[in-house]
Amino acid sequence: MSTNDIKEELSYAYVHAVASKTAFSCDRVSKDRDSIDVTIRAKGKLAEDSKVYSPVLDLQLKATSNATIREGQVVFDLKMKNYDELRERSQTPRLLVVLVLPANEDEWLEFGAEQLVARRCCYWYSLRGAEEVDNETSRRIEIPQVQVFSPEQLRALMVKASRYEEIGNEL
């Protein structure tokens, strides 16, 4: 596998682990034609005021080992195809999830009899309603570092989806 293939697999493994910890299913999309790599599904009613039974989130996964982090933001250049598709209104909420890895490939994972350690983490970002831009190749995205794709934040995102609430870049 290429280094990019490995990064892609690690991003999926991270998201799958977070979804599993939250008791949600994580299904890989077999053909990424719509900037969706993974669908996360909850089972049942997540909150008293849920309007949707078994809510769903769609995710576009990306991974990088050369992200710039400055002033509390993870800076990531997203291809225009993905930017345009993720900003469109859709029935299911869509999020960008970016795995930030150390620059040194040997630090990505540490194995041992007692633990498996993955270095760094994923961050989530909503592009819904983002402005149309004329760029042809990519659009720079600044993801707040507080938007860690964690079990707690995934649950909060799914509760918002269950209430038909707009998922913006704050919880």
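The values are calculated or read from the model by the stated rules, or taken from the named source; none is laboratory data. Since we're looking at a predicted model, the values are computed, not measured. Every residue, glycine among them, receives a Cβ derived from its backbone with ideal geometry; neighbour counts consider all protein chains shown. Ligands, DNA and RNA are stripped out before the accessible areas are found, and what is left, the full protein with its side chains, is counted by its heavy atoms. Shrake-Rupley method; radii C 1.70, N 1.55, O 1.52, S 1.80 Å.
Which sequence of R119, R33 reflects their accessible areas, 1.4 Å probe, from the largest down?
Numbers: R119 90, R33 175 Å².
So the residues, ranked largest to smallest area, are R33, R119.
Read through the labelled values (1) 52; (2) 62; (3) 56 and report the label of the one computed as percent of Cα pairs over 20 Å apart from the structure.
(1)
Using a 1.4 Å probe on the protein heavy atoms only, what accessible surface does S20 show? Give it in Å² to the nearest 10.
Near enough 70 Å² of accessible area.
Kindly work out what percent of the DSSP beta bridges joining two residues of the range 29-171 are antiparallel, to the nearest 5.
Numbers: 23 of 30 bridges.
Given both bridge residues lie in the range 29-171, the antiparallel proportion sits at roughly 75 percent.
In terms of solvent-accessible area of protein heavy atoms at a 1.4 angstrom probe, what is the ranking of T22, T137, highest value first? Let's see the in-between values first.
Working: T22 20, T137 105 Å².
Accessible-area ranking of T22, T137, largest first: T137, T22.
With every protein chain left in place, what is the accessible area of T3 in Å² (1.4 Å probe, nearest 10)?
Approximately 60 Å² of T3 is accessible to the 1.4 Å probe.
From the square roots a ≥ b ≥ c of the eigenvalues of the alpha-carbon gyration tensor of the range 33-114, which class results: rounded (a/c under 1.5), prolate (a/b over b/c), or oblate? Display every interim value, and only then the final one.
Details: a/c = 2.33, a/b = 1.42, b/c = 1.64.
Verdict is oblate for the range 33-114.
Got the relative contact order for the range 45-153 handy, in percent, Cα pairs under 8 Å and 6 or more residues apart? Mind showing how you got there, number by number?
Details: 174 pairs, mean separation 35.0, N = 109.
The value is 32 percent.
Hey, if we sort R120, R41 by accessible area with the 1.4 Å probe, largest down, what's the order? Show your work: numbers first, answer last.
Working: R120 140, R41 110 Å².
These residues rank, largest area first, as R120, R41.
To the nearest 0.05, how large is the calculated FRET efficiency for K51 and R128 if R₀ is 25 Å and r is the Cβ-Cβ distance? Write out the running numbers ahead of the final one.
Details: r = 18 Å, r/R0 = 0.72.
Once the sixth-power term is evaluated, E becomes 0.90.
Which whole-number percentage describes the relative contact order of the range 1-85, with Cα contacts under 8 Å and a sequence gap of 6 or more? Display every interim value, and only then the final one.
Values: 92 pairs, mean separation 19.4, N = 85.
Rounded, it is 23 percent for the range 1-85.
Just how many pairs of Lys in the chain have C-alpha atoms closer than 28 Å, counting pairs that are eight or more places apart or on different chains?
Count of close lysine pairs: 26.
Work out, step by step, the length gained on full extension between K31 and S138: first 0.36 nm times the residue separation, then minus their alpha carbon distance; give nm to one decimal.
Values: separation 107, 0.36 × 107 = 38.52 nm, distance 2.18 nm.
Full extension of this stretch gives 36.3 nm more.
The range 1-52 to the range 66-117: how many Å between their Cα centroids?
13 Å
Summing -39500 (n - 2.57) over the DSSP H runs of n ≥ 4 in the chain and dividing by its residue number, what mean residue ellipticity at 222 nm do you reach, to the nearest 500 deg cm²/dmol? Spell out each step's value before the answer.
Numbers: 3 runs with 39 residues, N = 171.
Calculated at 222 nm, the ellipticity per residue is -7000 deg cm²/dmol.
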